[in-house]
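Heads up: the structure comes next, in structure tokens.
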Amino acid sequence: MRTVIEPFRVKVVEPIRPTDREERRAALEGAGWNLFGLDAQDVLIDLLTDSGTGAMSSEQWAALMRGDESYAGSASFHRFESVVRDLTGFEHVIPTHQGRAAERILFGEIVRPGDVVPNNRHFDTTRANVEYQRAEARDLIPPAARELSAELPFKGDLDVDALEATIAEVGRDRIPCVTITITDNSGGGQPVSLANVRAVREVCDRHDLPLFLDAARFAENAWFITQREAGQEGREPREVARELFRLADGCWISLKKDGLANIGGVLAIDDPDLAERCRAMLILTEGFPTYGGLAGRDLEALAQGLLEVTDPAYLTYRVRTAEYLAELAWDAGIPTVRPPGGHAVYLDARGLLPHIPPHAYPAQALACELYLTGGVRGVEVGTLMFGRPQPDGPDEPATHDLVRLALPRRTYTQSHVDYVGEVLAEVAGRADELRGLRIVSQPAMLRHFTAKLEPLADRAA
Ligand code: F0G
């Protein structure tokens with residue numbers, strides 16, 4: 001097969017600044033060994049997130065000029081609304097400034113204290129917004145798919161038996177909705193099959209429960225379906241995406257991902273009463289319903305991005321990039337979540353650094369070393385993020401210690417990815433020299449964003 005090339009050429013460039021190890025060490029020390037504390041200028045290849053960090057197309061930049069900034073009834077809103085309606089089939093299109101605002105508004109209206117919200121796996125903000133309503137966010141990933149290295153095509157599938165069991169256990173009246181995250185970001189960017197969404201729909205119909213999709217990476221999910229699901233080969237990814245949406249009663253989308261723009265979100269639903277209540281909350285906290293916290297030009301960029309994102313050439317390149325980066329990690333001897341996801345590669349730091357116990361944050365140690373060695377910034381998804389501090393003694397560890405290398409859309413070239421592979425190989429070559437860290441100070445909540453750490457003096461903890 002020929003090389004899968006970037007299906008675009010470059011029109012605008014943004015310089016990135018090489019630094020040496022000394023400078024990076026000083027920057028990291030200044031940031032308290034927390035990569036969130038770095039200045040972006042001190043990062044060479046930034047794989048912290050794929051959220052809002054991609055490049056827009058020339059058509060999107062052109063569309064910005066068409067932005068109608070009218071407070072009410074903007075033409076840009078109508079363009080956005082018609083693209084979202086055509087894609088999702090949902091009647092009521094409610095723009096928000098990003099995904100979590102849509103979560104807050106929707107859950108604020110439908111979730112009550114003591115409720116249980118089933119999901120294949122909640123993303124952090126989704127879980128936090130459910131818990132903020134004093135309800136339980138319950139993940140229903142089948143046990144086999146929780147194995148990091150299990151090569152399953154649809155590791156994001158929701159466990160339908162576990163859903164039935166949950167409904168039997170808590171009763172349908174305490175379940176405001178069933179939700180599915182496509183793709184499963186927290187599980188490694190893993191897709192959900194069309195068959196699984198149909199099966200969940202069937203259960204929802206039987207119990208008269210609404211189904212909502214958290215569809216941040218709907219296009220990547222649709223592409224995986226065309227590549228991996230029996231009977232779906234050769235279908236247009238846009239048609240598959242439409243079918244996924246039409247199996248649900250509504251969705252919320254962080255448009256900073258497959259909206260191919262730098263900001264934006266949307267809540268799209270069929271129920272007119274719920275839509276009216278959500279719009280009232282939107283006015284209270286985001287803005288008038290025809291802009292919802294976005295500028296008219298953002299709505300234009302999003303409308304165009306949502307048309308571009310289901311292009312098979314783009315999706316071929318997109319998914320191949322993650323797979324290519326994963327292959328470089330494997331060549332370097334670094335285990336990863338398998339198969340690679342659509343938007344990111346998740347390195348298994350516990351597998352690479354068995355000498356660093358979870359309470360000494362092996363994934364943070366690996367993420368810091370990738371930065372020190374090559375200016376590459378990833379993010380720890382492990383005991384620093386999810387571990388529970390104990391009053392006297394080490395943290396209760398997270399289930400895994402991973403480093404996520406998320407790929408911004410249309411931003412880096414193959415040689416950038418090759419460079420990341422070289423850095424991975426260098427770091428893997430001296431894995432046994434890496435040391436753990438300890439926390440010097442941490443806030444009460446969401447500590448991974450602002451905690452300060454320092455390296456431990458000896459090799460193990
Ligand atoms: N749902 C999923 C599956 C997400 O991945 C995100 C964001 C959100 C909801 C929230 O959307 O950021 O627009 O408010 N994920 C980002 C990430 C932050 O880095 O994976 P948001």
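Given R₀ = 25 Å, FRET efficiency for ALA26-TRP330 by Cβ-Cβ distance, to 0.05?
Numbers: r = 33 Å, r/R0 = 1.31.
Between ALA26 and TRP330 the formula returns 0.15.
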What angle, in degrees between 0 and 90 and rounded to the nearest 10, separates the Cα long axis of helix 296-308 from the longest principal axis of the Cα atoms of the chain?
-> 80
Stretchable slack from GLN414 to ALA457, in nm (0.36 nm times residue separation minus alpha-carbon distance) | 11.7 nm
Using just the helices of the chain, give the 222 nm mean residue ellipticity in deg cm²/dmol: DSSP H runs with n ≥ 4 each add -39,500 (n - 2.57), and the total is spread over all residues, rounded to 500.
-> -12000 deg cm²/dmol
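Arranged from highest to lowest average of other beta-carbon atoms within 10 Å per residue, in what order do the peptides 175-187, 432-444 appear?
175-187, 432-444
Starting from the Cα gyration tensor of the stretch 140-182, multiply each eigenvalue by 5, take the square root, and state the resulting semi-axes largest first in whole Å. The partial results should precede the final answer.
Details: eigenvalues 117, 24, 8 Å².
Largest first, the stretch 140-182 gives 24, 11, 6 Å.
Report D for the chain in µm² per second (integer): Stokes-Einstein, Kirkwood Rh on Cα pairs, 4 °C, 1.567 mPa s.
Numbers: Rh = 22.7 Å.
Estimated diffusion coefficient is 57 µm²/s.
Once you keep just the Cα pairs under 8 angstrom separated by 6 or more residues, what percentage relative contact order results for the stretch 325-461?
Values: 252 pairs, mean separation 39.2, N = 137.
Rounded, it is 29 percent for the stretch 325-461.
May I ask what percent, to the nearest 5, of DSSP beta bridges between residues of the chain are antiparallel?
Working: 25 of 39 bridges.
DSSP beta bridges in the chain are roughly 65 percent antiparallel.
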Taking the Cα centre of each part, how many Å lie between the stretch 22-50 and the stretch 146-188?
-> 35
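Counting other Cβ atoms within 10 Å, which trypsin sites (Lys or Arg not before Pro) in the stretch 4-112 have at most 16 and lie in a DSSP loop?
Working: sites: ARG9, LYS11, ARG21, ARG24, ARG25, ARG66, ARG79, ARG85, ARG100, ARG104; in loops: ARG9, LYS11, ARG66.
Taking the stretch 4-112 and a limit of 16 other Cβ atoms within 10 Å, the loop trypsin sites (Lys or Arg not before Pro) found are ARG9, LYS11, ARG66.
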Checking the stretch 1-74 for chymotrypsin sites (Phe, Trp or Tyr not before Pro) in a loop per DSSP with at most 14 other beta-carbon atoms within 10 Å yields PHE8, TYR71
Pseudo-spin-label distance THR316 to MET445, built 7 Å along Cα→Cβ, given in nm, is 4.7
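What length, rounded to one decimal in nm, is gained on full extension from GLU91 through to THR399, with 0.36 nm per residue of separation minus their alpha-carbon distance? Write down the numbers at each step before the final one.
Numbers: separation 308, 0.36 × 308 = 110.88 nm, distance 4.01 nm.
Additional length available on full extension: 106.9 nm.
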Sites matching GluC sites (Glu not before Pro) across the stretch 132-200 that sit in DSSP coil, with at most 12 neighbouring C-beta atoms within 10 Å = GLU147, GLU151
To the nearest 10 degrees, the tilt of helix 272-285 (Cα long axis) against the first principal axis of the alpha carbons of the chain is 50
What is the stretch 58-308's relative contact order, in percent, from Cα pairs under 8 angstrom and six or more apart in sequence?
-> 32
Per residue, the convex hull enclosing the alpha carbons of the stretch 147-206 has a volume in Å³ of 94
Using label points projected 7 Å from each Cα along Cα→Cβ, tell me how many nm separate ALA150 and ALA40, to one decimal.
-> 3.8
Separation in nanometres of the label points that stand 7 Å from Cα toward Cβ, at ALA72 and ILE16 = 4.7
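If you add up the charges near ILE175, with Lys and Arg at +1 and Asp and Glu at -1, over every other residue whose beta carbon is less than 12 angstrom from its beta carbon, what do you get? Could you put the intermediate results ahead of the total?
On the way: positive: ARG112, ARG138, ARG172, ARG174; negative: ASP115, GLU136, GLU164, GLU169, ASP173, ASP208.
Combined, the nearby Lys, Arg, Asp and Glu give -2.
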Where does each of PHE212, PHE218 land when they are ranked from fewest to most other beta-carbon atoms within 10 angstrom?
-> PHE212, PHE218
Taking every C-alpha to C-alpha distance in the stretch 58-308 and binning by 10 Å from 0, the per-bin percentages run 8, 33, 36, 19, 4, 0
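For an R0 of 25 angstrom, estimate the FRET efficiency from the Cβ-Cβ distance between ALA128 and ASP270 and round to the nearest 0.05. Before the final figure, lay out the partial values.
Working: r = 26 Å, r/R0 = 1.04.
Using R0 = 25 Å, I get an efficiency of 0.45.
Going by how many other beta carbons lie within 10 Å of each one, how would you line up ILE225, ILE167, ILE16, fewest first? Before the final figure, lay out each step's value.
Working: ILE225 27, ILE167 20, ILE16 14.
Result, fewest neighbours first: ILE16, ILE167, ILE225.
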When only C-alpha pairs under 8 Å and at least 6 residues apart count, what is the relative contact order of the chain, in percent?
-> 22
Using alpha carbons only, how many degrees (0 to 90, rounded to 10) separate the axis of helix 21-30 from the longest principal axis of the chain?
-> 60
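Every read-out reported here was derived from the displayed coordinates using simple, explicitly stated rules and does not represent laboratory data. Just so you know, these numbers come straight off a predicted model, no measurement behind them. Neighbour counts run over all protein chains shown; Cβ positions are idealised from the backbone, glycine included.
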